[in-house]
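The values are calculated or read from the model by the stated rules, or taken from the named source; none is laboratory data. Please read all numbers here as calculations on a predicted model, not as lab measurements. Glycine gets a Cβ as well: all are built from the backbone with ideal geometry, and neighbour counts include every protein chain shown. Just so you know, the surface numbers come from the protein's heavy atoms only, side chains and all, with ligands and any DNA or RNA stripped out. Shrake-Rupley method; radii C 1.70, N 1.55, O 1.52, S 1.80 Å.
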Amino acid sequence: IKTDMSNLRLIDDVSASSVSSISVTDVFSADYDIYKIELLQDTAAGDSLTIRFISSSGTMITASNYERALLQVRVGSSSGIENRSQNVGQMNIVFQGTRDFVSTFYIFNPFSTSSYTLALAQSNGYYGGAGLQNLNTKAIGVLKQNTSCSGIYFAPSNGSFTDVSVRTYGLRVDS
């Protein structure tokens with residue numbers, strides 16, 4: 001997705017330290033169909049990152065209606081790791097890095113009650129202890145539920161965030 005920075009409108013910017021999760025609420029609305037989310041994170045342990053949408057009523061959507069597919073590529077590795085899941089209670093579409101991990105998401109139609117919510121993600125950062133490895137991930141995900149979502153939830157599946165920052169932008173599309 002090619003975006004002109006003038007088409008992005010900052011909606012929310014939240015940061016936290018030493019937390020087990022972060023919820024970004026009241027950011028999706030009828031004003032935009034496409035959102036860009038930048039997630040910067042540091043954690044003590046590396047694993048997948050649990051991602052769920054939050055309905056417009058404020059309830060976290062945990063039903064087994066998520067699907068995802070991802071490809072992880074480590075620098076120096078000759079092949080990538082593919083992973084898919086269907087009918088699960090969360091979208092694990094990015095990796096939880098141990099240091100300076102940056103993820104970018106594009107979320108499509110989260111507020112719509114007539115279409116599924118789709119997500120594209122890519123991330124880059126470091127994984128491991130003393131011998132840090134560069135890890136890159138590209139993924140897609142979907143919430144197969146016609147539910148109006150107003151927010152998103154992130155939580156390390158192993159440990160907690162040392163530091164986390166989430167910026168949410170609305171993407172204006174000019175005709």
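Things worth noting here:
- Scanning region 148-158 for residues that are open to solvent by 20 Å² or more (accessible area, probe 1.4 Å) and modelled with pLDDT under 95 yields a count of 2.
- The single condition from (1) surrounded by 18 or more Cβ atoms within 10 Å (Cβ to Cβ); (2) in a strand (DSSP E or B); (3) at pLDDT below 95 that residue 40 fails is (1).
- Residue in region 21-32 that is of a type in the set (Ser, Thr, Tyr), at pLDDT below 90 and open to solvent by less than 70 Å² (accessible area, probe 1.4 Å) present: no
- Out of 139, 119, sole residue that is touching a Gly at 6+ places or on another chain (Cβ under 9 Å) and modelled with pLDDT of 90 or more: 119
- Yes/no for residue 13 being open to solvent by 40 Å² or more (accessible area, probe 1.4 Å), modelled with pLDDT of 95 or more and in a strand (DSSP E or B): yes
- Close pairs from region 150-175: first touching a residue at least 12 places away in the same chain (Cβ under 8 Å) and in a loop (DSSP other than H, G, I, E, B), partner open to solvent by 50 Å² or more (accessible area, probe 1.4 Å) and among the hydrophobic types (A, V, I, L, M, F, W, C), Cβ under 9 Å, at least 6 apart: 158/44; 159/44; 160/44
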